[in-house]
1. Determine whether B:SER67 is closer than 20 Å to A:LEU18 by Cα and either under 12 Å from the mean Cα position of the chain (by Cα) or free of Cβ contacts under 8 Å to residues at least 12 places away in the same chain (or both).
2. B:SER82: on the phi < 0 side of the Ramachandran plot and either in contact with a Phe, Trp or Tyr (Cβ under 8 Å, 6 or more places away or on another chain) or surrounded by 14 or more Cβ atoms within 10 Å (Cβ to Cβ) (or both), yes or no?
3. More than 15 Å from the chain's Cα centre (by Cα), closer than 27 Å to A:PRO67 by Cβ and of a type in the set (Val, Ile, Thr): which single residue out of B:ILE76, B:ILE35, B:ILE114 fits that description?
4. Taking B:THR57, is it more than 30 Å from B:HIS108 (Cα to Cα) and of a type in the set (Val, Ile, Thr)?
5. Hey, among the residues in the range B:81-111 that are within 11 Å of another protein chain (Cβ to nearest Cβ) and over 18 Å from the mean Cα position of the chain (by Cα), which one's nearest to B:LEU45 (Cα to Cα)?
6. Return the pair list, or none, for Cβ contacts closer than 8 Å from residues in the range A:38-61 that are more than 7 Å from every other protein chain (Cβ to nearest Cβ) to residues that are basic (Lys, Arg) and in a helix (DSSP H, G or I), at least 6 apart or on different chains.
7. Within the range B:22-62, can you find the residues that are more than 19 Å from B:VAL97 (Cα to Cα) and out of contact with any helix residue (DSSP H, G or I) (no Cβ under 9 Å at 6 or more places or on another chain)?
8. Looking at the range A:62-90, which of the residues that are out of contact with any strand residue (DSSP E or B) (no Cβ under 9 Å at 6 or more places or on another chain), surrounded by 14 or more Cβ atoms within 10 Å (Cβ to Cβ) and β-branched (Val, Ile, Thr) is farthest from the other protein chains (Cβ to nearest Cβ)?
Amino acid sequence: MSTATIGKVLGWISFVTLLHSTYSTYEHLSYLKVVEKVANNMPIEIIVECLVSVLIFSISIVLIAGPLKPILMKNEMVKKSIDKVDTRPSFNTFNHRGRIIKSSLN
Amino acid sequence: MASQSPQNQASLYVPENVVHNTKTITFIRSSMSAINGSAAGILGLTGYSGFIFYALTALFTSFLIWSVKTNTHPGIYFRNGSDVWTEGVFGGLFSYVLFWTLLYGIVHGTYKTIMVHLHKWFMVNF
């Protein structure tokens, strides 16, 4: 399994647990309203579930995002051959003998 | 030294890779801002505590990028090594506030329309 697949699975797990903690918070608040208590502190289980799902999500996002690429031209040029460099558009020549040969053929 | 002139400075880096790295960092930052904003809304943070939570989570995100993505050598992937700590932090703040207020309104708000429907659906189906 590739790292991106593992990341996606972890991301979905954390998303579902975050939704569950949302629903639990709502349930707890409506329970407090029914028994007519003042909401001062949330239960520690819900807070821990929420924070743990955020932690899992951060790991999954780092896994999903692909690797960074080194930006130094020096390191990039090591991998290229001289033929590849010479055929780049800057070296195209349009003012060559082909024009005369083509007109003499007509 | 010849490499100090602006022309040579520009050809020192591969532009496609610079853009690719910036895009990757922006993706991580915006996703993290959204999910951290949701968490702040669920936890019911208000006022300064929400912004302190953002500062902490943004610092944690930067640490993750620095340690996992750049392997503690940000100089290889960014023109300026400290970009890894600052890139997109203020852009992420706006999506953080968006999700923070949205989830706070859904869970702790006065009307709670979405949650009432969800609760009814659960009561009927389970």
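The values are calculated or read from the model by the stated rules, or taken from the named source; none is laboratory data. These numbers come from a predicted model, not from an experiment. Cβ placement follows ideal geometry from the backbone for every residue including glycine, while neighbour counts extend to all protein chains displayed.
1. no
2. Here the answer is no, as B:SER82 does not meet what is asked.
3. B:ILE76
4. It is false that B:THR57 is more than 30 Å from B:HIS108 (Cα to Cα) and of a type in the set (Val, Ile, Thr).
5. B:TYR104
6. From the range A:38-61, the pairs are A:SER60/A:LYS8.
7. B:LYS23
8. In this case the residue turns out to be A:ILE64.
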